[in-house]
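Okay, so here's the structure we're looking at.
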Amino acid sequence: MNRAWRKEARQVPGVTFHDLYEEYPEFDVQVDREQRLLESHDVLVLQHPFYWYSAPALIKQWLDLVLEHGWAYGEGGEALRGKKFMSAITAGAPQTAYSVDGFHNATVHDFLLPFERTAALCQMQYLKPFFEYGTLQMKDDEIVRSATSYASLLKNICAGEPHFGKMTGSFSGESK
C-alpha cells in the first residue's frame, strides 16, 4: 500500500516526496537540511505504515532530532508556526480492530495523540489523518482505489481546498 501511495504522491504537482529511508539508510539524519526543507513547505505529511501503534523508527528519530527546542518549539522556536501537519497511515488490521471494544482496545485517534500534541507544541495545525485499514487483505483494485484517493487528497491540499473523508475506508483531512 505504501509503495502505491508513494508512486501516486510523486506524480502530484506541488508535492515534494521525501523518502527518509532512501535518504538516510544509515539513520544519519542531516538536521539542518531537514529543517531547511520544512521551512520551505507549508504542510508536513508523514506517510507510513502503523508500526507498534506509532511510526517506524526512522520517522521517530527524525521527529526527535529535527524538531529541536529553540527551532520548532520553546523559546524562539517558531519555525513551524502556522504550518500544517497531517498523518497518512496504513494499518494491516481492519477498522473494527481500532475501537475501545476492538482488538486494540483504543481508537486510531488515541494512538495518534502524540502526533497531534507534537503539532500543537510546534504551533502547527494538526489535520485529520488519512488512514487506510485492512491493508493486509486488500486486493489490487482496492490498493489502486486507495492510492488514487490519496493522490486526490494531495491534489486538494496543493490547491488549498479542504478535504474531509469518511470514517470507513480512508479517513482524510484537509491540508497542503
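The values are calculated or read from the model by the stated rules, or taken from the named source; none is laboratory data. Here the structure is a predicted model, which is why all the values come from computation and not from measurement. Please note: Cβ atoms are built from the backbone with ideal geometry, for glycine as well, and neighbour counts cover all protein chains shown.
Filter segment 64-86 for residues that are surrounded by fewer than 17 Cβ atoms within 10 Å (Cβ to Cβ) and on the phi < 0 side of the Ramachandran plot and give the result. Once the filter is applied, which keeps residues that are surrounded by fewer than 17 Cβ atoms within 10 Å (Cβ to Cβ) and on the phi < 0 side of the Ramachandran plot, segment 64-86 yields 64, 65, 68, 69, 75, 78, 81. Looking at (1) modelled with pLDDT of 95 or more; (2) surrounded by 14 or more Cβ atoms within 10 Å (Cβ to Cβ); (3) outside any helix (DSSP H, G or I), which is the only condition residue 99 fails? Of the numbered conditions (1) modelled with pLDDT of 95 or more; (2) surrounded by 14 or more Cβ atoms within 10 Å (Cβ to Cβ); (3) outside any helix (DSSP H, G or I), the odd one out for residue 99 is (1). Here residue 126 clears all of (1) at pLDDT 95 or above; (2) touching a helix residue (DSSP H, G or I) at 6+ places or on another chain (Cβ under 9 Å) except the condition numbered (1). Annotation note: Cβ proximity below 8 Å between a residue of segment 121-141 that is closer than 22 Å to residue 68 by Cα and a residue that is of a type in the set (A, V, I, L, M, F, W, C) and part of a loop (DSSP other than H, G, I, E, B) (sequence gap 6+ or interchain) occurs for 121/72; 122/67; 122/72; 122/80; 123/80; 124/80.
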